[in-house]
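Participant: Before I ask anything, let me first share the structure, which is written out below as structure tokens.
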């Protein structure tokens, strides 16, 4: 009886080794593409227009902030010059006025940054959605299993990068949202005879 158990265990062990060592069937390789999403969004025609709009807005705000900062710097220098001339109360009043103006300038800077960020999101969100629709369409069309953002990988072969293709497809009018496209027409059922 003991020999029977040992023989069965040896048989099971031999079977397990045979299964483990048996050649595995070839599995299909995963098809991967890489895209620089940020570049794809910003280098489309819409992305370039959005950048130009944001730059105009930024430059205008920056000139305004620079002008106010220069005025505050001049005021600070004036206060320093008049330190020995003005009474302590008058000097304190000018310093407080200057500090209030500085806080207002800092608040305006924060507000402008928030406004620019909001405008950037407003301008780039539609471009992002269209770009994602194109990436999805390209993946289905070319049989990609995975499309990875370039920022997520430290190295990638250049032949796996589809960024330029996505930009070209977008600029050629391929950027319409899939949701906006009408669903495919159903084929009519064959007529019964």
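The values are calculated or read from the model by the stated rules, or taken from the named source; none is laboratory data. In this text, all values refer to a predicted model and were calculated from it rather than measured experimentally. Note that we place each Cβ from the backbone using ideal geometry, even for glycine, and neighbour counts take in every protein chain shown.
Participant: Report yes if residue 40 is surrounded by 14 or more Cβ atoms within 10 Å (Cβ to Cβ), under 17 Å from the mean Cα position of the chain (by Cα), over 30 Å from residue 105 (Cα atoms) and modelled with pLDDT of 55 or more, otherwise no.
Facilitator: Details: surrounded by 14 or more Cβ atoms within 10 Å (Cβ to Cβ): yes; under 17 Å from the mean Cα position of the chain (by Cα): yes; over 30 Å from residue 105 (Cα atoms): yes; modelled with pLDDT of 55 or more: yes.
It is true that residue 40 is surrounded by 14 or more Cβ atoms within 10 Å (Cβ to Cβ), under 17 Å from the mean Cα position of the chain (by Cα), over 30 Å from residue 105 (Cα atoms) and modelled with pLDDT of 55 or more.
Participant: Mind counting the residues in the stretch 117-152 that are under 25 Å from residue 55 (Cα atoms) and outside any helix (DSSP H, G or I)?
Facilitator: 0
Participant: Turning to a different aspect of this structure: Hey, can you tell me all the residues within the stretch 51-72 that are in contact (Cβ under 8 Å) with a residue 24 or more places away in the chain and either in contact with a strand residue (DSSP E or B) (Cβ under 7 Å, 6 or more places away or on another chain) or more than 24 Å from residue 99 (Cα to Cα) (or both)?
Facilitator: 53, 54, 57, 58, listed by residue number.
Participant: Ok, one more. Go through the stretch 79-103 and give me each residue that's touching a helix residue (DSSP H, G or I) at 6+ places or on another chain (Cβ under 8 Å), farther than 19 Å from residue 65 by Cβ and either at pLDDT 90 or above or part of a helix (DSSP H, G or I) (or both).
Facilitator: The answer is 79, 91, 94, 95.
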